[in-house]
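Written below as structure tokens is the structure these notes are about.
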Amino acid sequence: SIRVGDRQKIHVNSDFTSEKKMVKICCIGAGYVGGPTMAVIALKCPSVEVAVVDISVPRITAWNSDQLPIYEPGLDDVVKQCRGKNLFFSTDVEKHVREADIVFVSVNTPTKTRGLGAGKAADLTYWESAARMIADVSVSDKIVVEKSTVPVKTAEAIEKILTHNSKGIKFQILSNPEFLAEGTAIEDLFKPDRVLIGGRETPEGFAAVKALKDIYSQWVPEERILTTNLWSAELSKLAANAFLAQRISSVNAMSALCEATGANVTEVSYAVGKDSRIGPKFLNSSVGFGGSCFQKDILNLVYICECNGLPEVAEYWKQVIKINDYQKTRFVNRIVSSMFNTVSNKKIAVLGFAFKKDTGDTRETPAIDVCKGLIGDKARISIYDPQVTEEQIQRDLTMNKFDWDHPLHLQPMSPTTVKQVSVAWDAYAATKDAHGICILTEWDEFKKLDYEKIFENMQKPAFVFDGRNVVDAEKLRKIGFIVYSIVDGVQLAGEAMDAVHQRASGFLSEIQEDAEIEFGFVSNDQKLGEERLVDVKHRRNQLVPWETRIKSISRNEEEPVNLNLGFLRNEQILVEEDIGSDEESASFLGHKCELESGDTEFVTECDKRNVEHLLITRKQSNDEGLGLLSAVPFTIGVKFYSSSVFSNKI
Ligand SMILES: NC(=O)c1ccc[n+]([C@@H]2O[C@H](COP(=O)([O-])OP(=O)(O)OC[C@H]3O[C@@H](n4cnc5c(N)ncnc54)[C@H](O)[C@@H]3O)[C@@H](O)[C@H]2O)c1
């Protein structure tokens, strides 16, 4: 085996393997880790008897049925080959623990929701109760293996619990963190990059390490089995997850900058990843990472740093979570602002709910935050995911933060449903009559959908917000969709642009005398193509490109029309200018605004960072201030110009 550093040799005389014929393993916790890991051990080690136990009766029933409780490519096959031979699933926790030589503990280690360290520290309730139970029921020596991800130094606490109650029975604690990734669990378990085993640096500790190594070495090459001290093994798992999540947050932070500057984040990450010191993997930008581990493990790491008097280090890792939250919020904001600043009562199809493809796991999936954000803005949501049930979706959307990671039987079974949410049986049903589509999981089937058909059945303009870089944006734009992709931001192709223009001008020509017209842009989102044109009275919004010129201001009566221009932020008027009437020119914020009769043009330019809306009001000559409207009907025509950046994009 490879030891980190030059350490003492491992003693070979193991009590657990060499002297007994059939090694008995029991794994407490039949979840995403316990189930697949033990199934693969059973498959690869026919001389080992493996029992997987859990307190959740429905979970164990499912493991013993044809409908396994988790979806994982290849898992069915492995379970079918071993179940009933040397692989058993049971709720008789105590019996199997009592009989086992090696007990893996793979129970939940969620984030604490209350008390000391709430919102950060790992909640070891389930781990501790498992340890107490092991101590209670054991009648022979055992190796206890930490399979769950735990804070560094957990083994010390577990040792205390076990030895204080042990009636003279000897326990050896090992840390053997699991590095599998959901969606590729079986592949990862068959060919792990490494297996990490940490143990006490005592003869008994080395013997225990050797016993566990003997199991893995039945299919894992020797050089991939690393042995370390207990604390290194425990910390390596937290560190690995923190590094992985950090890569995603780093590239997502870059995606925001790319959107602001016209760089393409796929091109940037490809170029960055070509550096062999950095490498290409895990550099896809997306709506954010999810899954049960990254957030919880990093929060745990942050807490450990704080407890060790390292606030700067804690802050450093906390930022990885903050960027992830920022990315999700940014995505929701993008949807709302692109759809004319409101999604109220609009149907939005959500394609994909699981935190990534090839799993039905929804723990901490970004879809939860994105859906909650849209629901908050009163959207109607129709969700389709090939592996997630309606019950699960409803539960996720009603559950409190961090409650999801508690054992299944402790989670609400029939939560109050969110009425604005429906679940569809396929992507076509979900998208029918929708105003927009959000792609939140990179399921392969979303690449192959008939988007022409989908487009036909949607409301227009039809939007696609691709949070996973799944669709061919150019192809969809040709169909007529307005596409926002994490990779290249908003790009409106010719036809889509025309459609927007037509609608915008149609809308404008409807505006009559009582109009107070506001058009402008969102100052905190620099991306092109999402400025809004808002009829204040009717709250009808329109999408207009960045640089907009008023083409003509004509009136139906001879009387001069005075127009006022106001610049707004946070509903406050920053500057108000009388831009005069026909045949006048006015200087406005240092820029010349020319108004000529007939084909009047003025170019609006202002400090984009400071202004949210440009407000144009018309007032009677005898009126003072904004908002008093003339009874004289008039129309404003708007001509759209593309800025240079914008034309580049098209
Ligand atoms: N999911 C992953 O990708 C992954 C990868 C590596 C490590 N981990 C770690 O592995 C651990 C388990 O994760 P998971 O995804 O398998 O969780 P999970 O929720 O799918 O499974 C945990 C199971 O433990 C059971 N359980 C809890 N307390 C118990 C007790 N006292 N006795 C018997 N059963 C009990 C629960 O009922 C549940 O079925 C966590 O610490 C996690 O951080 C997870």
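The values are calculated or read from the model by the stated rules, or taken from the named source; none is laboratory data. Please read these numbers as outputs of a predicted model, since none were measured by experiment. Heads up, the Cβs are rebuilt from the backbone with ideal geometry, glycines too, and the neighbour counts pull from every protein chain shown. Protein only, heavy atoms only, side chains kept; ligands, DNA and RNA dropped before computing areas. Shrake-Rupley method; radii C 1.70, N 1.55, O 1.52, S 1.80 Å.
Observations, loosely collected:
- Using the Cβ-Cβ distance between K170 and W219 with R0 set to 41 Å, the FRET efficiency works out to roughly 0.90.
- Length released on extending from V139 to E94, taking residue separation times 0.36 nm less the Cα-Cα span: 15.1 nm
- Rounded to the nearest 20 debye, dipole of the range 2-234 from Cβ charges on Lys, Arg, Asp, Glu: 380
- Global geometry of the range 2-234, whether rounded, prolate or oblate, following the gyration tensor of its Cα atoms and the 1.5 cut on a/c: rounded
- Surface accessible to a 1.4 Å probe, H406 within the full protein complex, Å²: 30
- Of the cross-linked pairs K356/K447; K160/K296; K85/K213; K112/K160; K318/K356; K85/K210, those separated by over 20 Å at the C-alpha level are K160/K296; K85/K213; K112/K160; K318/K356; K85/K210.
- FRET efficiency estimate (nearest 0.05) - Cβ-Cβ, R132 to E201, R0 30 angstrom: 0.70
- Cα gyration tensor shape for the range 339-491, rounded if a/c is under 1.5, else prolate or oblate: prolate
- The label-point distance for K453 and E312, in a model that sets each label 7 Å from Cα toward Cβ, rounds to 6.0 nm.
- The GluC sites (Glu not before Pro) of the range 125-227 that DSSP puts in a loop, and whose beta carbon has at most 13 other beta carbons within 10 Å, are E201.
- For the range 287-333, the relative contact order is 47 percent, taking Cα pairs closer than 8 Å that sit 6 or more residues apart in sequence and dividing their mean separation by the residue count.
- Gyration tensor (alpha-carbon) shape descriptor, the range 86-151, a/c threshold 1.5: prolate
- Rounded accessible area of S285 (nearest 10 Å², 1.4 Å probe): 10
- Of the trypsin sites (Lys or Arg not before Pro) found in the range 194-277, those that fall in a DSSP loop while having at most 11 other beta-carbon atoms within 10 Å are K274, R277.
- Å³ per residue enclosed by the Cα convex hull of the range 421-484: 81
- Within the range 339-491, percent of DSSP bridges classed antiparallel, to nearest 5: 15
- With every protein chain in place and a 1.4 angstrom probe, the accessible-area ranking of L116, L43, largest first, reads L116, L43.
- Förster radius 41 Å - calculated FRET efficiency between V418 and W231 (Cβ-Cβ, nearest 0.05): 0.40
- Nitroxide proxy distance, nm - points 7 Å out along Cα→Cβ at E474 and W425: 3.8
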